[in-house]
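Working notes for the structure below.
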Amino acid sequence: MTDTPTQGKAPLLHVEDIHSYYGNIHALHGISLDVFEGEIVTLIGSNGAGKSTTIRTISGIMHPRQGAIYLDGAPIHNLPAHTLVAHGIAQSPEGRRIFPRLSVIDNLQMGAFLRRDKAEIQRDIENVYALFPRLKERHRQFAGTLSGGEQQMLAMGRAMMARPRLLLLDEPSMGLAPVLVDQIFEIIKRINTEQGTTILLVEQNALMALEIAARGYVLQSGSIVLSDTGAALLENDMVRKVYLGEVG
Amino acid sequence: MDPQLEAFLRQVLVGLSIGCYLALIALGYTMVYGIVELINFAHGDLFTFGFFISLTIWGLFDVPTPLEGAWILALPAIAIVVILLSGGLNVVIERVAYRPLRGASKLAPLITAVGMSFMLEAIFAYIWGANQINYPRFIPTTNFLNDFSRIIRFTPRDILLFGVTIPAMIGLTLFIDRTRLGKAMRAAAQDREAAAMMGINVNRIIAITFFIGGGLAGVAGMVYGLYTGSGRFIMGFEFGLFAFTAAVLGGIGNIRGAVLGAFIIGMVQAMSDLYIGGEWSRVIIFSLLILMLVFRPSGILGSTTSVEKV
Ligand SMILES: Nc1ncnc2c1ncn2[C@@H]1O[C@H](COP(=O)(O)OP(=O)(O)OP(=O)(O)O)[C@@H](O)[C@H]1O
Ligand SMILES: [Mg+2]
């Protein structure tokens, strides 16, 4: 396994040999990974590899039975999920999980639940609307009445409303039309460069994810089988064959 | 006036007044169901608790009957204490009896709630006695409509009842619709895990929900005492069932539905008392419950759970 740590700095997120379970099902078999401040890191792997489980474990929705997770050097793997937002972790979860019977704007406000800076919240809402004009058009509508793609935008906008240091994105391009997929990746890059947000990105669309990511990890059956820079993984034979769908 | 019409109008007022207490109880039922999907069978007993505890508090003072002068101010003061105590009791019940069972099968907390109800009733009977208990007649029953009709009654007690319950319903609706905390309650009811991802402490939201539900039921019990002048340790059981029926009728988990359901039940009871006979009222109300569960389980306004959790 190739390791490419970023010049001796301490990582923002350090995941150390975590094992997560669903009841008796052993889903993660010792995952270790690092995300450094300001990076986009991507996690790729086929269905059932454990990508979402990794995200859920980092965000405290699940707790690892073994192993540890550190944010800025402090252990967070035993903290309840709701406390992690205050530590700067927010996410757009798998399956969107927007609040269907709250309006679009109320969903965004829930994303900023812990913040008290009203004027800044309002500015961030405008900011989300600028990125996703569709949300602005539908701001009074129940979120459950949005199309799948619009809900995906809302889930991402809602996560941004927390102004996280670390943004976890689980398949943000899911269900989007191809032109919107390009746009979403563009937005992810912008959030990263303009707001300095560190991003851990899970994607089915391995090609685009590796293109914008500084580094990537490849997951298979609950273990990391490969890790390298995004560019190097794009050139990797195994990655090309299995995840980029190249023949021969 | 036509005596038929007079009797009808009287029953309309009776129906509205029954609807008022039922609404306060049904709101707690439906809020708790909305967020933890528990039919809290012990909820009606908080109503009884409000009745008894307010009686005990009145007993600490030498209060003139009927209330006069500055003693009128004791009403809101004691109501607030009753809300705090019944809300607090409901929070404790949730903490010790239901929270440890979260994540267990749904049947476990349901059975626990039934057990909790029996336990509370036994404790009430032990402390306050098992007989019908009289509540002091603090509020006079002079009929404002005397010159107009002797049958249709609207008294200071009605003013108290409507004056407490209607602002409570409106206040609760506004709180849940408009405030940050109210929105967080709805968010947690719709998706607990996603709410936690927003930084919402779901356990605290659940505790607040039980507090509000218990407080409303408790103050309803106090108002009931002031209104009817008597009550018994077991009465919460029946009121709880009626309120549950109201919540199901309106759409369980739905705040406006609970209020609507309560007024429908109140009206059905008042009208069946007049036209069919009081002994049939329960039969009619519970038949309504069964019909609703069979033909439209999501209730009149739609329940919050059937819509998105399919
Ligand atoms: N709620 C659950 N109960 C039991 N097993 C689960 C549950 N969720 C996931 N698993 C199992 O855990 C493993 C990892 O699942 P996970 O959802 O993390 O995969 P993934 O990499 O995100 O897949 P996908 O690309 O399909 O989203 C799979 O074998 C899956 O069957
Ligand atoms: Mg997944």
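What the table shows:
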| item | result |
| --- | --- |
| Local net charge near B:Gly236, Cβ-Cβ under 13 Å (Lys/Arg +1, Asp/Glu -1) | -2 |
| Computed E for B:Arg180/B:Glu279 - FRET, C-beta separation, R0 45 angstrom, nearest 0.05 | 0.40 |
| B:Phe148 accessible area, assembled protein chains, probe 1.4 Å, Å² | 130 Å² |
| Accessible area (Å², 1.4 Å probe, nearest 10) - B:Leu293 | 90 Å² |
| Stretchable slack from A:Lys189 to A:Val225, in nm (0.36 nm times residue separation minus alpha-carbon distance) | 10.4 nm |
| Ratio of the Cα radius of gyration of the stretch A:1-136 to 2.2 N^0.38 Å, where N counts its residues | 1.20 |
| For the stretch B:1-125: relative contact order, % (alpha-carbon pairs under 8 angstrom, 6 or more apart) | 32 percent |
| Mean projection area, nm², convex hull over Cα of chain A | 13.5 nm² |
| B:Arg296-A:His19 pseudo-label distance in nm [points 7 Å out on the Cα-to-Cβ vector] | 5.5 nm |
| GluC sites (Glu not before Pro) lying in DSSP loop within the stretch A:109-217, provided at most 16 other Cβ fall within 10 Å | none |
| Sites matching trypsin sites (Lys or Arg not before Pro) across the stretch B:213-310 that sit in DSSP coil, with at most 12 neighbouring C-beta atoms within 10 Å | B:Lys309 |
| Of the trypsin sites (Lys or Arg not before Pro) in the stretch B:130-223, those whose Cβ has at most 15 other Cβ within 10 Å and which sit in DSSP loop | B:Arg137, B:Arg150 |
| Rounded to 10°, Cα long-axis angle of helix B:3-36 versus longest principal axis of chain B | 20 degrees |
| Average other protein chain Cβ within 10 Å of Cβ, residues A:75-85 | 3 |
| For the stretch A:18-92, alpha-carbon Rg over 2.2 N^0.38 Å | 1.07 |
| Exposed-site-free run, longest, chain A (rule: trypsin sites (Lys or Arg not before Pro); DSSP loop; at most 13 other C-beta within 10 Å) | A:141-248 |
| Computed accessible area, A:His29, all protein chains, 1.4 angstrom probe, square angstrom | 80 Å² |
| Calculated Rg and Dmax of the stretch A:5-55 using C-alpha coordinates, Å | 12.6, 39 |
| Compactness index (Cα Rg / 2.2 N^0.38 Å), the protein assembly as shown | 1.18 |
| CD proxy at 222 nm, helix term only [per DSSP H run n ≥ 4: -39500 (n - 2.57); per residue of chain A; nearest 500] | -10000 deg cm²/dmol |
| B:Val81, B:Val12, reordered so the largest accessible area comes first (probe 1.4 Å) | B:Val81, B:Val12 |
| Relative contact order computed over chain A (Cα-Cα under 8 Å; 6+ residues apart), in percent | 27 percent |
| Cross-link pairs A:Lys9/A:Lys118; A:Lys51/A:Lys118; A:Lys189/A:Lys241; A:Lys118/A:Lys189 - those with Cα-Cα distance over 32 Å | A:Lys9/A:Lys118; A:Lys51/A:Lys118 |
| Contour minus Cα-Cα distance for B:Val114 and B:Asp147 (0.36 nm per residue) | 7.0 nm |
| When chain B is reduced to its Cα atoms, the Kirkwood hydrodynamic radius in Å | 19.9 Å |
| In degrees, nearest ten, helix B:180-190 long axis to first principal axis of chain B (Cα) | 60 degrees |
| Estimated Rh, the stretch B:129-208: Kirkwood, alpha-carbon pairs, angstrom | 16.5 Å |
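The values are calculated or read from the model by the stated rules, or taken from the named source; none is laboratory data. Here the structure is a predicted model, which means the values were calculated and not measured. Ideal geometry is used to build each Cβ from the backbone, glycine not excepted, and the neighbour counts take in all protein chains shown. Please note that ligands, DNA and RNA were not included when accessible areas were found on the heavy atoms of the full protein model with its side chains. Shrake-Rupley method; radii C 1.70, N 1.55, O 1.52, S 1.80 Å.
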